[in-house]
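Take a look at the following structure, please.
Throughout, read-outs are computed from the coordinates displayed, never taken from laboratory work. Just so it is clear, the structure is predicted and the values come from calculations on it, not from any experiment. As a convention, Cβ positions derive from the backbone with ideal geometry for all residues, glycine included, and neighbour counts pool all protein chains shown.
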C-alpha cells in the first residue's frame, strides 16, 4: 500500500533506495570484471556493442527489482532487439505502464570493452510515462547521481545545480557519435563543424547517461546527441530537470520517453544551442524564426527573458551581441516582446517585464 503523501515509497520500500541498491551492486560487479572482456557481439552496427557483462548486469538489476516490486514493468536495453524501430516499439508498448523501470546495465559499452573508465549504470522509474526516480552510477569514480521528482538532484549527498554560463562562447559542450553511419552520423558531423568555433570547447565522452549527469552537476554547459533510447536518457533527464536545467528534442520540443534526438543544457544557453543545431541541419533563418514564434506561443521558450530569446533569433548565427538603440534588431526585439506579452495574457503566464 502506497504511503500517503510520498509517491516514491510503497510498502515501506523506497523506490529510490531500490534503484540506488541495484545501481551500486551492478556497478561493483561490472567494475570487478573490467579488463576481462574476451568476446563481444555487434548489434545494430559495428559501433553498437554488447558483452556478456551487459547481459549479466541487466539480469542482476531485473531480479533485484522483481524481488521488491514484482508487479512493475521492466524495460532493459539487452531485452530489446537492436535498432531504432525496435527501441521505439518497446517504449510505446509500455508507455501506459503504471510503473516502468528503465535500465541501461552498462551505458558506454565501447569504453568498457577498451578499459576506458567512463561508463555507467543507469536506472529510472517512470510512473504513467513520467520519470519520478533517476539514478546514474559511475563505478570508476564511485559517483552516484540521484534525483527524485520534486526533491532535487544530488551527487555525493550534495545538491546539484547546473552551470551559470549564459552564452555558447564560454560553454563546454558535449556530444556523442551516433551508431547510425548513414544519416545520424553525417548530421552530427555537420553540427560539430558548426558548433566548434562557437563554443569554448567540445567533448565526446562515450556515455550518454554520464554526460547528462555532468550537465546536471554543472561540469558541462550542454550536451546533444542523435539516436538514443529511453534507457540512455530517462534517468539523466530527471537529473537535468531537478538540477535546474532543460532537456528537449533537437527542435526544442519537450522531452518524453520516446524522444531519440536530444539537447540538454543549463537552460540559459538552451535556445542558442538548439538554434545553432537547427541551422547546421539546414533549417533556414525564416523557418527558425517561425519555430521560435510557435514555441513561444506554446510556452516552450524562456519566457523569463523574451528579449534575450529574440536577440538570439535575429542575430547572425544566433550569436548574442550588444546592440545599439539604432540597430533594427532592437526594433525586431520589441516586436517579440510585444508578442510575448500577448501570449502571457492569453495563457495567464507571468513574464518579467524590464524597462524599455
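Can you sort 232, 261 by how many other beta carbons sit within 10 Å, fewest first?
261, 232
Where the centroid of each part is defined by its Cα atoms, how far is the stretch 101-137 from the stretch 178-192 in Å?
First find each Cα centre; the distance between them is then 23 Å.
Hey, another quick one. How would 109, 67, 175, 283 line up from fewest to most surrounding beta-carbon atoms within 10 angstrom?
By the 10 Å Cβ count, ascending, the order reads 67, 283, 175, 109.
Now for a different question. Checking the a/c ratio against 1.5 first, then a/b against b/c, what shape does the Cα gyration tensor give for the stretch 33-190?
rounded
Separate question: Spin-label point model (7 Å from Cα, Cβ direction): what's the residue 88 to residue 128 distance in nm?
Taking the two extended label points, one gets 2.6 nm.
Quick check on packing: order 234-242, 82-90, 143-151 by the mean number of other C-beta atoms within 10 Å, highest mean leading.
Sorting 234-242, 82-90, 143-151 by mean packing, highest first, produces 234-242, 143-151, 82-90.
Considering Cα pairs under 8 angstrom that are at least six residues apart, work out the relative contact order of the stretch 138-229 and quote it in whole percent.
The value is 36 percent.
Take 191, 271 and order them by how many other Cβ atoms sit within 10 Å, fewest up front.
Ascending Cβ contact count within 10 Å gives the list 191, 271.
Taking 1 over the mean of 1/r across every pair of different Cα atoms in the stretch 138-286, what Kirkwood radius in Å do you get?
15.1
Continuing with this model, one more query. Quote to one decimal, in nm, the extra length available between residue 200 and residue 95 on full extension: 0.36 nm per residue of separation minus the C-alpha distance between them.
Contour length minus the Cα-Cα distance gives 33.9 nm.
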